[in-house]
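Report on the following structure.
The values are calculated or read from the model by the stated rules, or taken from the named source; none is laboratory data. Bear in mind that the values here come from a model prediction, so they are computed numbers and not experimental data. Because the Cβ atoms are built from the backbone with ideal geometry, glycine has one as well, and the counts that use them run over all protein chains shown.
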Amino acid sequence: MPGRTAIGLDIGTSGVRAAELSYGRAGVTLERFGQVALPEGAVRDGEVVDRPTVAEAIKSLWKASGLRGKKVALGVANQRVVVRQVDLPWMPRSELKKSLSLQVQDYLPMPVDECVLDFQLTEELVDDGQRSLRGLLVAASREMVMSNVAAVSAAGLRATSVDLTSFAVLRSVGRPMGDVATEALVDVGARVSNMVIHSGGQPRFVRVMLNGGQDITDAIAERVGMPSSLAEAVKRGAVDELSTSELQLAHSALDLMVEVFVDEIRSSLDYYGASNPSFPVERIVLSGGGSILASIAPRLEQITRKPVIAADPMSGVHLGATGLDEHQLQAVRPLAAVPVGLALGVMS
């Protein structure tokens with residue numbers, strides 16, 4: 001019999017996804033996973049802009065997937081989230097959260113009272129006898145967070161926690177006892193992608209990137225002059241009836257956008273490496289729907305000269321009666337990192 005359960009809900013640009021985990025004597029079990037597509041424009045760059053449409057999609061997701069719980073852990077990631085490494089004066093951890101808003105205004109581009117704040121402690125430092133706390137400061141626009149929470153409420157659910165998407169990815173695919181000391185996890189979404197670099201499960205760098213797989217689809221559609229649905233099929237290599245010139249245009253658009261995306265990852269790795277020479281990235285791990293594109297991994301491996309592997313967010317959990325066959329499980333595996341990680345965070 002399953003013990004306690006938790007549901008992680010990922011509201012993405014192209015769809016809503018949820019994973020229900022149970023916690024029992026045998027460990028963690030994935031009980032259910034489901035997803036429902038969203039129309040273009042309902043969520044823009046990670047922020048809900050059409051609340052009724054998103055709420056209806058969440059209701060459909062619950063009905064189709066057999067999810068019963070009403071409490072969810074919600075993830076956020078967009079341009080209205082700031083993540084920075086900061087050093088704060090040492091204080092007991094019990095006091096840190098209470099005084100955080102008084103400590104961090106100088107690090108933020110927006111007023112503290114307009115933010116939801118969090119601080120992920122990474123290490124304690126001692127310099128000339130002075131103790132300090134180093135960690136990642138997370139500040140999210142309160143307006144943006146409440147907009148996403150309101151969509152969940154409109155669907156008849158309750159968001160009991162709001163977490164940074166990058167931290168969810170870290171929980172689900174970042175192995176603290178892995179075979180490398182430091183790795184970069186890159187979750188490639190439709191419009192928003194996330195990078196988190198960690199050492200043994202400890203986050204050291206986070207970046208939210210406003211590009212992803214849908215940008216590649218749009219580039220193909222514009223370059224060739226075709227509907228987005230057909231461009232998506234071309235991107236995935238599922239269309240053969242194009243002319244030679246159309247295929248050449250499509251491939252040139254795809255190659256260009258992959259190059260732009262890979263270069264942004266490389267520049268982020270370079271920036272991290274310059275400020276963290278003691279913890280060099282040894283490997284890159286890809287997840288997310290956009291990571292399925294065959295050309296991303298080899299090009300990323302070529303330009304960074306680091307091994308690139310596919311994430312497996314289900315390797316750390318048992319598989320319950322999900323209702324998904326083996327083929328379906330393989331298809332959703334790249335998409336599960338965020339919702340599975342959000343659910344894991346409820347019990348951490």
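From the residues in segment 236-279 that are among the hydrophobic types (A, V, I, L, M, F, W, C) and either in contact with a His (Cβ under 9 Å, 6 or more places away or on another chain) or touching a residue at least 60 places away in the same chain (Cβ under 8 Å) (or both), which one is farthest from V206 (Cα to Cα)? Talk me through it step by step, then tell me what you get.
We begin by selecting, within segment 236-279, every residue among the hydrophobic types (A, V, I, L, M, F, W, C); these are 238-239, 242, 247, 249-250, 253-254, 256-258, 260-262, 265, 269, 274, 279.
Those left that are additionally either in contact with a His (Cβ under 9 Å, 6 or more places away or on another chain) or touching a residue at least 60 places away in the same chain (Cβ under 8 Å) (or both): 261, 265, 269, 279.
Working: F261: 16, I265: 12, L269: 11, F279: 14 Å.
That would be F261.
When you go through Q130, Q85, Q103, Q120 one by one, which is the residue that is within 28 Å of G289 (Cβ to Cβ) and either of a type outside the set (G, A, S) or under 25 Å from the mean Cα position of the chain (by Cα) (or both)? Quick ask: steps written out before the conclusion?
Values: Q130 fails: within 28 Å of G289 (Cβ to Cβ); Q85 fails: within 28 Å of G289 (Cβ to Cβ); Q103 fails: within 28 Å of G289 (Cβ to Cβ).
After ruling out the rest, the residue left standing is Q120.
Just the residues that are farther than 15 Å from A311 by Cβ, in a loop (DSSP other than H, G, I, E, B) and in contact with a helix residue (DSSP H, G or I) (Cβ under 7 Å, 6 or more places away or on another chain), please, taken from segment 181-225. Walk me through it before giving the result.
Filtering segment 181-225 down to residues farther than 15 Å from A311 by Cβ leaves 181-182, 190-192, 199-200, 202-225.
After this cut, where a residue has to be in a loop (DSSP other than H, G, I, E, B) as well, the list is 181, 190-192, 200, 210-212, 225.
Scanning segment 181-225 gives A190, R191, N211, G212.
Looking at the structure I just gave you, is A311 small (G, A, S) and crowded, with 16+ Cβ neighbours inside 10 Å?
yes
Under the condition of being assigned to a helix (DSSP H, G or I) and touching a Leu at 6+ places or on another chain (Cβ under 8 Å), which residue from segment 43-61 is surrounded by the fewest Cβ atoms within 10 Å (Cβ to Cβ)?
If we filter segment 43-61 for residues that are assigned to a helix (DSSP H, G or I), which is where we start, we get 51-61.
Now drop any that are not touching a Leu at 6+ places or on another chain (Cβ under 8 Å), which leaves 53-54, 57-58, 61.
Details: T53: 16, V54: 24, A57: 23, I58: 24, L61: 20.
For segment 43-61, the residue satisfying everything is T53.
Every residue, every condition in (1) buried (at least 20 other Cβ atoms within 10 Å of the Cβ); (2) small (G, A, S); (3) assigned to a strand (DSSP E or B), yes or no:
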| site | (1), (2), (3) |
| --- | --- |
| L88 | no, no, yes |
| S101 | no, yes, no |
| D106 | no, no, no |
| Q120 | no, no, yes |
| R134 | no, no, yes |
| R171 | yes, no, no |
| P176 | no, no, no |
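Is it the case, given these coordinates, that A159 is among the aliphatic types (A, V, I, L, M) and in a loop (DSSP other than H, G, I, E, B)? Quick ask: steps written out before the conclusion?
On the way: among the aliphatic types (A, V, I, L, M): yes; in a loop (DSSP other than H, G, I, E, B): no.
No; evaluated as a whole, the condition is false for this residue.
Taking segment 277-310 as the region of interest, how many residues are outside any strand (DSSP E or B) and closer than 24 Å to A238 by Cα? Before the answer, list the steps.
First, pick out the residues of segment 277-310 that are outside any strand (DSSP E or B): 277-282, 288-307.
Keeping just the survivors that are closer than 24 Å to A238 by Cα gives 288-300.
Total satisfying the criteria: 13.
Of all the residues that make up segment 68-86, how many are among the hydrophobic types (A, V, I, L, M, F, W, C) and either in a loop (DSSP other than H, G, I, E, B) or more than 23 Å from S275 (Cα to Cα) (or both)? Quick ask: steps written out before the conclusion?
Going through segment 68-86, the residues among the hydrophobic types (A, V, I, L, M, F, W, C) turn out to be 72-74, 76-77, 81-83, 86.
Keeping just the survivors that are either in a loop (DSSP other than H, G, I, E, B) or more than 23 Å from S275 (Cα to Cα) (or both) gives 72-74, 76-77.
Selection size over segment 68-86: 5.
I'd like to know if segment 129-138 contains one or more residues that are at pLDDT below 90, of a type in the set (S, T, N, Q) and farther than 25 Å from V43 by Cβ.
yes
Please find, within segment 206-218, the residue that is nearest to D10 (Cα to Cα) out of those that are buried (at least 24 other Cβ atoms within 10 Å of the Cβ) and more than 12 Å from the chain's Cα centre (by Cα). Don't jump to the end; show me each part of the working.
As a first pass, look at segment 206-218 and keep what is buried (at least 24 other Cβ atoms within 10 Å of the Cβ): 206, 212-213, 216-217.
Imposing the further condition that a residue be more than 12 Å from the chain's Cα centre (by Cα) reduces the set to 213, 216-217.
On the way: G213: 17, I216: 22, T217: 22 Å.
Residue satisfying both the conditions and the ranking: G213.
Return the pairs, sorted by first residue and then second, in which the second residue is assigned to a helix (DSSP H, G or I) and not polar (S, T, N, Q), the first residue lies in segment 321-336 and is touching a residue at least 60 places away in the same chain (Cβ under 8 Å), the beta carbons are less than 8 Å apart, and the residues are 6+ apart or on different chains.
Filtered contacts from segment 321-336: T322/L329; L324/V332; L335/G289.
So is E40 of a type in the set (D, E) and out of contact with any Lys or Arg (no Cβ under 8 Å at 6 or more places or on another chain) or not?
Details: of a type in the set (D, E): yes; out of contact with any Lys or Arg (no Cβ under 8 Å at 6 or more places or on another chain): yes.
Against the criterion (of a type in the set (D, E) and out of contact with any Lys or Arg (no Cβ under 8 Å at 6 or more places or on another chain)), E40 qualifies.
Could you list, in sequence order, all residues of segment 69-86 that are surrounded by fewer than 18 Cβ atoms within 10 Å (Cβ to Cβ) and touching an Asp or Glu at 6+ places or on another chain (Cβ under 8 Å)?
G69, Q79
Among residues belonging to segment 179-201 that are without any contact (Cβ under 8 Å) to a residue 60 or more places away in the chain and surrounded by 16 or more Cβ atoms within 10 Å (Cβ to Cβ), point out the one that is nearest to V76 (Cα to Cα). Show your work before the answer.
The first filter runs over segment 179-201 and keeps only residues without any contact (Cβ under 8 Å) to a residue 60 or more places away in the chain, leaving 179, 196, 198, 200-201.
Adding the requirement that they be surrounded by 16 or more Cβ atoms within 10 Å (Cβ to Cβ) leaves 196, 198.
Values: V196: 14, H198: 19 Å.
It comes out as V196.
With respect to the numbered conditions (1) of a type outside the set (V, I, T); (2) under 19 Å from A73 (Cα atoms); (3) at pLDDT 95 or above; (4) out of contact with any strand residue (DSSP E or B) (no Cβ under 9 Å at 6 or more places or on another chain), which one is the sole condition not fulfilled by S348?
With (1) of a type outside the set (V, I, T); (2) under 19 Å from A73 (Cα atoms); (3) at pLDDT 95 or above; (4) out of contact with any strand residue (DSSP E or B) (no Cβ under 9 Å at 6 or more places or on another chain) applied to S348, the lone miss is (3).
If you take the residues in segment 233-264 that are acidic (D, E) and at pLDDT 90 or above, which one is surrounded by the most Cβ atoms within 10 Å (Cβ to Cβ)?
Checked segment 233-264; the qualifying residue surrounded by the most Cβ atoms within 10 Å (Cβ to Cβ) is E264.
Tell me which residues, restricted to segment 316-348, are hydroxyl-bearing (S, T, Y) and either buried (at least 24 other Cβ atoms within 10 Å of the Cβ) or farther than 24 Å from S193 by Cβ (or both). Show your work before the answer.
Residues of segment 316-348 hydroxyl-bearing (S, T, Y): 322, 348.
Scanning segment 316-348 gives a single hit, T322.
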